[in-house]
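These notes concern the structure reproduced below.
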Amino acid sequence: MHEPAVLRRHTTPEIDRRINDDLTSSMFKTPSRYWMLVGFLALVTAMGAGAAGYMFVNGLGVTGLNRPVMWAFFITNFVFWIGISHAGVMLSAILRLSQAEWRRPATRAAEVVTIFSLLLALTMPLMHMGRPWRFLWIFPWDFARSIWPNVRSPLVWDPAAIGTYLTSSILFVYVALIPDLAVARDRTKGIVKAGYSLLAMGWRGYPMQWRLQMIAGILLSALILPVFVSVHSIVSWDFAVTQSVEGFHSTIFAPYFVIGAVHSGVSAVVTALIIFRYIFHWERYILPKTIDNLGRLLLVVATAWFFFLALEILFGLYARENSELALRTLQIFRWPYSLLFLIFIIAAYGFPAPMWLFKGVRRSFFWMAITTISVNIGMWLERFLIIVPSLARKQALSFNWSTYHPSVIEILIIIGGFSFVAMLVLLFAKVFPLIPIYDIKEGEILKDEIIIGKKRIPAVMREE
Amino acid sequence: MSRVEPQIITKSNQEVTREILAITHTMGPGYKKAVVFFGLLLLLGIIGFIIRAVDAGFNDFRPWGYFMAGYAFLLTTASTAPLFSISQRMVHSHWRRPMARASEMFGVVGVLSTLMFIPMIALLPSSAGRRSIWFEWPGTPLYSDTLAVVFLAVLGIVLLYVAALPDLAVSRLHATGTRRKILDRIVIVNWKGTERQWAVHRASLRVLGALYFLFLVLVHTIIASDFAEALVPGWKDAIFPAFHVLSGFQSAVASTVVALFLLYKFGGYKDYIAVDQFWAASKLLLPLCLLWMYFWFSGFIVYWYGRQPVEQTILRTFMFEAYLVPFLLGVMLSFVVPFLIVMWNFVRKTILGPTIVATLILFGALFDRIRIYVASFSIADMRPDGLTSLEPEALSAVPRAVLPGAPDVMMILGTIGGAIFLYLLAIKLIPPVSIWEIKEGMLYRRRRKYLKTEIMVMGKPE
Amino acid sequence: MTTQAHHAKWTMVVDSDRCTGCQACVVACQAENNVPINTADIYRQKRVMEWIRIERYWEGIEEAEATGDPSKVKARFLPVLCQHCENAPCEPVCPVFATYHNNEGLNIQVYNRCVGTRFCANNCPYNVRMFNFWEPVWPESLQNQLNPDVTVRSRGIMEKCTYCVQRIRRTELTAKKEGRLPADGEMQPACVQACPTDALVFGDIKDPESKVSRKAANERRYRLLEVQGTEPNLVYLKKVDPHYVEREHNE
Amino acid sequence: MANKQILGLFGDAERAALATDRLQDAGFDNKSYQVLTGSPYPEGAFGEELPKHRLYAWPFIGAACGLAVAILITAGTQISYPVVTGGKPILAIPPIAIISYEGTMLGAILFTILGILFESRLPRPFLGLYDTRITEGYIGIALTCPEERLAAADLAFRQSGAEDVKHEGQPE
């Protein structure tokens, strides 16, 4: 078969209009199940907020915390959501840098999940503090009295890192949103149009603007990746520098937490994409190929994470100190932690990773949803099993050993948090396009084919 | 920004085959000189080894620190180098094609590292009474480590053989004389290039690659823990094996880049190697340099923050007192200088820039390995007699730094020389630029007119 | 006068051989420092507030089980209070400097500054940092016994043994008024004062003649969890086991 | 004579490319018009020449500012408030390194965003001559020229198959 010199179809207004229609449908044609879901989530969130208010009034006594288990559910949840927040930007940044074509529909959803889970994660330390109304003291603001925060504390590194990450990921999303805001501006009327016009800042779409938009994607990705790595490392140092808690004091914590975050975060993004596909009927954009590739990525990430987990446990036991042995016994063999540990290992690795070996699973939306939710159940338990047993078996003075039972208040707050994030993401989809419209259109333009022998092979144009 | 156009080879398939084989099959005077030079270096290393063996014997591991550092350097560079092609093949990158073989070729160095491991079998004490990852299992770490090391070397050679098989089959048809005889012996598969053969080839490369990856990580972990961490009482550091693996990744890319540069400059493969490869590889080196620092700092901050005497002694031994100089050299050459160079795109987009960075990184890896293994080997076996109870929990004092003697220098030089010597021998038997991968790559690239510009189109087979 | 230049280094010696586990120190501390009342509920919640506590360990259980002789079981008492470490792990982790080290070797807790992250409690190997989970309340009958020299802590903050810093300051001021240095033994924390067997001794370790210096030089000395490198300003003396010699002979 | 704007709308990329040729034939240089698209096209697809930009300098400036501020805050607060904690030095380097790292990155990212907005001349208070069909896949060519040459531009547009031609000040 002879290959013509030009073998591609250009996009036409029809294609672009269809893409616009499909991808703004979440904004302009909201299905009723959307409102039902949002309403339900708002109810659950309100319940969690009520519980938080009750705790605020009565003090941390209403939780199950005790001495020495001074950190438990809130910190577990904090680490969990910081972890989820990591997938997003990391995923889109890595995929942008590696110019993976299949990234296009997934990037913004991932970034948005990042932002809202970061917001929730930020509330967790506030819930956890004894006097949350004084959280400002962690920042260097008290010039009048010149009393400063202690920069030697990881709890000061935390706001620095998370603040940087939140600021940059919001801006990252915003910059990539500008061309799509222009679409929204051109499709609306009246006061709504005025709002979108303001946000779109007068975008016209001339070549230089597009070029800068492309550079911005790459440049910001490259800048955000190091921030992303640092954030979870610093969160891990909240634990690892604690020399008195054997289960925390491990050098591997930083990369172990980061890779764990990627593991749970990418899974969360996959779950989210599948749910969006169902709610907004994005069958044409979120393809089996997309989640297949994400599944492959997850397999690699999960195995790397498992390597770090093995190192962590191996080198924890390595020194054979009595208190370390007591901690590991509690963590792995004592009821109810033994059950949790079993669930954790199976849910985070034992079940999903072998499943992802099969192409059929990776391409099935149902199974990918099941496996990725399973990963996140496991990863939540992972953080819990690091934090609570380590504190419950702190040091060799066994007189103080303790255990922990969460109170109803804590459980309500945690559940409320989950629905809070879900609700915010859904509300975002009502206001902004959740799939980057211009990115999909660009994909259409760059899509090409080459012919080798008798086979047509999909191809892309490459600018660099 | 000027653009680098993806390299397009305009030659026909036959031309490519003929040219590459012609270069592979001729030995110029420069090549012969290099072989003799590095052969002599290897000889020097063997002499150094014999001097040390006569001098110190194999009862105590303490005099063998530099020998071990040499071995670890080989593990970090040569044995890890094939990972480069494995990982790039996994993500279907096109630019890897001309450099895949250069990285797999390091598999032959497995012969040398296995030979170097033999004295270790005599030197390494059993795990009884020692805090190690083996928890005093009988027979460990001796049998376990030996098995892993030998298996890795075999796997490396098998991987090279399988990857090169299509080329070897072609090479056999073009070869004459001794080379023909050797190729007749080793090409045992009747390679015709049928569709089925290619499918099996692809699948076996994938399986072998994954196996090699897993085993390499395992070998790094156990070597790092048995030959360094377990020898130092109180050194409990979970990130160290991971750091070892990571610096291996960095050195793997670096050694491939250096090998590629030499092939480009002196090997005669100028038509097939372009700036693309150096540019893309240096894009990998940039994050790897950052990760090197990150992994080091992650371990460091945890030790620095607490005031546990055990940890402070370890920090002072390995970084801030006894081995300060090799440590600083390692940091400078593995992170600071390479990072400052490779962060500039205009440097990355040259052939010389990435090569210089890669060379620095290799030296950095060498100093880093010397710091770790010489320090660990310098600490006496502190297990009580009879091995009935555990060794002490902590290092009582910071040991003095061990400076290299003449045999040590000879052994290090011999290790490096020997590795290059083996590599040089191999490139005249196996084409160091993969013919089939280049041909495959030629299939997927097109240049097309698009409106008023010209554009590159790349096939992305599923 | 020389009082300004002089910085004491306050140290306590706990002679576990003398401790009978009578808990007088615990009660004295409770009264002196306005520590909230520990009700049965609080015990069940495992949120006991004791600036000094007597840790009780059983010894010889295996032996008793093997021989069937319950008298082999021995109760061992270990009074644990804030060790006022030189390298206190609790201090650097506080984001707001609510705890720091002063030049008299004391680990200071600033209640007003505390925001309640509880990081210090995690990083204390001795578990001596207490958190106010509830707003402290005293029954009507006890309201007048509260010590006016000590702050009543509100909920949401950390507290711990201060070596009765209010007493240290009071003694120092009295001595300064009288134009002299505080004498050895003049300054006693509540627990030391209440100890009937003199198991607790407090004083300035910098003064080689002080009782605490002499006791701390004992060959039985050890410090709790020494491997942590915290350098506590609190020295324990080992229990002298009366059966030790006998057992040695039997084996 | 005041400059006026004119906007030609094209249904497909070939016609737009053709129109740019026609415009050049008619003596308009390629700086006098802008191709407006609803999605990015490969560079040079319409024969445009992109002006130089200095975006790459922005992150470095930002990083330097961020680093300076972060070091000032961390080192400054430690020195001005010398409280000993845990036997650590008053001026502890690793914490300074960590916070300065974050500061550097924050500075770099903020400046990059500013740079992107500045280089793409956003925000732009008035949209100018525009058509909402551009985001629907039409390709617009916005030309600025002296009033008397408008007719030539209009002709060039229409000859190349423009679906619509809009003039400045023309009612919607």
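In Å², nearest 100, what accessible area do chains A and D bury in total when the solvent probe is 1.4 Å?
Details: alone 22070 and 11460 Å², together 27890 Å².
Counting protein atoms only, the buried area is about 5600 Å².
Just tell me how shielded D:122-135 is by partners: mean number of partner chain Cβ atoms within 10 Å of each residue's Cβ, no decimals. Intermediate results must be reported in sequence, preceding the final value.
Working: counts 9, 7, 6, 2, 1, 8, 2, 1, 7, 1, 7, 4, 7, 17.
Partner Cβ neighbours, averaged per residue: 6.
Just in the range A:132-217: which trypsin sites (Lys or Arg not before Pro) are loop by DSSP and have at most 12 other Cβ atoms within 10 Å? Walk me through the numbers before you get to the answer.
Values: sites: A:ARG134, A:ARG145, A:ARG152, A:ARG185, A:ARG187, A:LYS189, A:LYS193, A:ARG204, A:ARG211; in loops: A:ARG145, A:ARG152, A:LYS189, A:ARG204.
Within the range A:132-217, the qualifying trypsin sites (Lys or Arg not before Pro) (loop, at most 12 other Cβ atoms within 10 Å) are A:ARG145, A:LYS189.
Accessible area per residue, 1.4 Å probe, Å², for the protein assembly as shown: what's the number?
So the protein assembly as shown comes to 39 Å² accessible per residue, rounded to a whole number.
Could you please tell me the mean projected area of the C-alpha convex hull for the range B:15-174, averaged over all directions and given in square nanometres to one decimal?
12.6 nm²
Tell me the Rg and the Dmax, in Å, that the Cα atoms of the range B:371-462 produce.
27.9, 83
Per the 1.4 Å probe, what fraction of the accessible area of the range B:249-326, in percent, lies on carbon and sulfur atoms?
With neighbouring chains kept in place, the figure for the range B:249-326 is 71 percent.
Rounded to whole Å and sorted largest first, list the principal axis extents of the Cα atoms in the range D:1-108.
78, 33, 18
Which of B:SER144, B:ILE133, B:ASN190 sits farthest toward the positive end of the charge dipole of the range B:100-242, with +1 on the Cβ of Lys and Arg and -1 on the Cβ of Asp and Glu?
B:ASN190
Over the C-alpha atoms of the range C:116-251, what are the Rg and the largest Cα-to-Cα span, Dmax, in Å?
Answer for the range C:116-251, Rg first and Dmax second: 19.4, 61 Å.
Semi-axes of the equivalent ellipsoid of the range A:124-235: what are they in whole Å, largest first, if each equals the square root of 5 times a C-alpha gyration tensor eigenvalue?
For the range A:124-235, the semi-axes come out at 37, 19, 12 Å.
Read phi for every residue in the range A:256-262 and hand back ³J(HN,Hα) as whole Hz from Karplus 6.51 cos²θ - 1.76 cosθ + 1.60, θ = phi - 60°, with x for Gly and Pro.
5, 5, 5, 5, x, 5, 5
Give me the net charge of D:PRO95's neighbourhood, meaning all other residues with Cβ under 10 Å from the Cβ of D:PRO95; Lys, Arg count +1, Asp, Glu -1.
So the surrounding residues net to +2.
For chain D, take the longest principal axis of its alpha carbons; what is the angle in degrees between that and the long axis of helix D:13-25, to the nearest 10 within 0 to 90?
Here the helix axis deviates by roughly 70 degrees.
Let me understand the range A:1-142 better: what is its radius of gyration from the alpha carbons, and its Dmax, in angstrom?
According to the Cα coordinates of the range A:1-142, Rg and Dmax are 23.1, 79 Å.
Take the Cβ-Cβ distance between D:LEU127 and D:ALA2 as r, set R0 to 25 Å, and report the resulting FRET efficiency rounded to the nearest 0.05. It would help to have the intermediate numbers written out before the result.
On the way: r = 19 Å, r/R0 = 0.77.
For R0 = 25 Å, the calculated efficiency reads 0.85.
Among C:GLN143, C:GLN188, C:GLN166, which one moves the most in a GNM of chain C with springs linking Cα atoms closer than 10 Å?
The residue with the greatest mean-square fluctuation here is C:GLN143.
Mind checking which lysines have their C-alpha under 18 Å from B:LYS439, skipping anything on the same chain fewer than 8 residues away?
List returned: A:LYS454, A:LYS455, B:LYS11, B:LYS192, B:LYS270, B:LYS460.
Which of D:PHE28, D:PHE118, D:PHE157 ends up with the largest GNM mean-square fluctuation for chain D, with Cα atoms connected below 10 Å?
D:PHE118
Once you order the gyration tensor axes a ≥ b ≥ c over the Cα atoms, which shape class does the range A:331-434 get: rounded for a/c under 1.5, otherwise prolate or oblate by comparing a/b with b/c?
Values: a/c = 3.53, a/b = 1.45, b/c = 2.43.
Cα axes put the range A:331-434 in the oblate bin.
Mind pulling the angle between the C-alpha long axis of helix A:322-333 and the longest principal axis of chain A? Nearest 10 degrees, somewhere in 0 to 90.
Tilt relative to chain A: about 50 degrees.
Could you give the length gained on full extension between C:VAL240 and C:SER141, defined as 0.36 nm per residue of separation minus the Cα-Cα distance, in nm?
So the chain would gain 31.4 nm between C:VAL240 and C:SER141.
Which net charge results when you count Lys and Arg as +1 and Asp and Glu as -1 among the other residues whose beta-carbon is under 13 Å from that of A:SER236?
-3
I need the phi-derived Karplus couplings for the range D:148-156: 6.51 cos²θ - 1.76 cosθ + 1.60, θ = phi - 60°, integer Hz, Gly and Pro marked x.
Once θ is set to phi - 60°, the couplings for the range D:148-156 become 6, 9, 4, 4, 4, 5, 4, 4, 4 Hz.
For the range A:317-360, what is the Kirkwood hydrodynamic radius in Å, using each pair of distinct C-alpha atoms? Numbers along the way, then the final one.
Values: mean 1/r = 0.0832 Å⁻¹.
Answer for the range A:317-360: a Kirkwood hydrodynamic radius of 12.0 Å.
What number in nm² do you get for the range C:63-182 if you take the convex hull of its Cα atoms and divide its surface by four?
Across all orientations, the range C:63-182 yields a mean hull projection of 12.7 nm².
What number, rounded to the nearest 500 deg cm²/dmol, is the helix-based mean residue ellipticity at 222 nm of chain A, given -39500 (n - 2.57) per DSSP H run of at least four residues and division by all its residues?
Value at 222 nm, helices only: -23500 deg cm²/dmol.
From the phi angles alone, apply the Karplus equation (6.51, -1.76, 1.60; θ = phi - 60°) to the range B:294-307 and give each ³J(HN,Hα) in whole Hz, x where the residue is Gly or Pro.
4, 5, 4, 5, 4, x, 5, 4, 5, 6, 5, 5, x, 10
Roughly how many debye, to the nearest 20, is the charge dipole of the range A:295-389 about its Cα centre, given +1 on each Lys and Arg Cβ, -1 on each Asp and Glu Cβ, and no other charges? Could the numbers behind the result be given before it?
On the way: 8 positive and 4 negative charges, 82 e Å.
That gives the range A:295-389 a dipole magnitude of about 400 debye.
Plugging the Kirkwood radius over Cα pairs into Stokes-Einstein for the protein assembly as shown, at a temperature of 37 °C and a viscosity of 0.692 mPa s, what D comes out in µm²/s?
Values: Rh = 34.9 Å.
D, rounded to a whole number, is 94 µm²/s.
On alpha carbon coordinates alone, what is the Rg over Rh value for chain A, Rh being the Kirkwood radius?
For chain A, the value is 1.00.
For n ≥ 4 DSSP H runs only, could you compute -39500 (n - 2.57) per run for chain C, divide by its residues and tell me the 222 nm figure to the nearest 500?
-5500 deg cm²/dmol
Counting Lys +1, Arg +1, Asp -1, Glu -1, what net charge surrounds A:ALA353 among other residues with beta carbon under 15 Å of its beta carbon?
Within the 15 Å Cβ shell, the charges total +2.
Please list, ordered by chain and number, the residues whose modelled amide H lies under 5 Å from the amide H of C:VAL235; skip anything fewer than 5 residues away on the same chain.
C:MET12, C:VAL13, C:VAL14
In nm, give the distance between the simple-model label positions of B:TYR143 and A:LYS455, each being 7 Å from the Cα along the Cα-to-Cβ direction.
Inter-label distance under the simple model: 4.7 nm.
How much accessible area is lost when chains D and B come together, counting both sides, with a 1.4 Å probe, in Å² rounded to the nearest 100?
Working: alone 11460 and 21450 Å², together 31480 Å².
Looking at D and B, the buried total is near 1400 Å².
Answer with one residue from A:VAL425, A:ASN58, A:LEU91: the one whose Cα lies farthest towards the positive end of the charge dipole of chain A, charges on Cβ with Lys, Arg +1 and Asp, Glu -1.
The listed residue farthest towards the positive side: A:VAL425.
Could you work out the per residue convex hull volume over the alpha carbons of the range B:84-227, in cubic angstrom?
Cα-based convex hull of the range B:84-227, divided per residue, equals 138 Å³.
Mind listing the long-range amide H neighbours of D:ASP164? Cut-off is under 5 Å, sequence gap 5 or more, other chains count too, H placed in the peptide plane at 1.01 Å from N.
D:LEU9
Simple spin-label model, 7 Å along Cα-to-Cβ: A:VAL431 to D:GLU14 in nm?
So the label points at A:VAL431 and D:GLU14 sit 4.4 nm apart.
Might you report the magnitude of the Cβ-based charge dipole of the range B:178-269 about its Cα centre, with Lys and Arg at +1 and Asp and Glu at -1, to the nearest 20 debye?
My answer is approximately 740 debye.
Of the candidates C:ALA217, C:ALA98, C:ALA88, which one comes out as most mobile in a Gaussian network treatment of chain C with C-alpha springs shorter than 10 Å?
Highest fluctuation among the options: C:ALA217.
Given +1 on the Cβ of Lys and Arg, -1 on the Cβ of Asp and Glu, and no further charges, what dipole in debye does the protein assembly as shown carry about its Cα centre, rounded to the nearest 20?
2740 debye
For chain C, rounded, prolate or oblate, judged on the Cα gyration tensor with a ≥ b ≥ c (square roots of eigenvalues), a/c < 1.5 rounded, else prolate if a/b > b/c?
oblate
What is the distance, in nm, between label points placed 7 Å from the Cα along the Cα-to-Cβ direction at C:LYS211 and at B:MET382?
In this crude label model, C:LYS211 to B:MET382 measures out at 4.0 nm.
Can you give the Rg to Rh ratio for the range B:153-205, taking only C-alpha atoms and Rh from Kirkwood?
That ratio is 0.99, to two decimals.
What would the Debye formula give as log10 I(q)/I(0) at q = 0.08 Å⁻¹ for the alpha-carbon point model of chain B, no solvent?
Those come out to -0.49, one per q.
How big is the antiparallel share of DSSP beta bridges in the protein assembly as shown, given as a percent to the nearest 5?
Around 95 percent antiparallel, to the nearest 5.
With solvent modelled as a 1.4 Å probe, how much accessible area in total do chains A and C shield from it at their shared surface, in Å² to the nearest 100?
Protein heavy atoms only, the A-C interface buries about 4100 Å².
Choose one of C:TRP10, C:ALA75, A:SER25: the residue whose Cα lies farthest towards the positive end of the charge dipole of the protein assembly as shown (beta-carbon charges +1 Lys, Arg; -1 Asp, Glu; about the Cα centre).
Going by the Cα projections, it comes out as A:SER25.
If the cut-off is a Cα-Cα distance under 15 Å, which aspartates and glutamates reach C:LYS215, setting aside same-chain residues fewer than 8 apart in sequence?
Result set, ordered by chain and number: C:ASP15, C:ASP17, C:ASP184, C:ASP198, C:ASP204, C:ASP207.
Would you mind checking which residues have amide H under 5 Å from A:ILE450's amide H? H placed 1.01 Å from N; only 5 or more apart, or other chain.
A:ILE457, A:ALA459
The values are calculated or read from the model by the stated rules, or taken from the named source; none is laboratory data. What you see is a predicted model; the values in this text were computed from it and never measured. Glycine gets a Cβ as well: all are built from the backbone with ideal geometry, and neighbour counts include every protein chain shown. Keep in mind that these areas ignore ligands, DNA and RNA; they rest on the heavy atoms of the full protein, side chains included. Shrake-Rupley method; radii C 1.70, N 1.55, O 1.52, S 1.80 Å.
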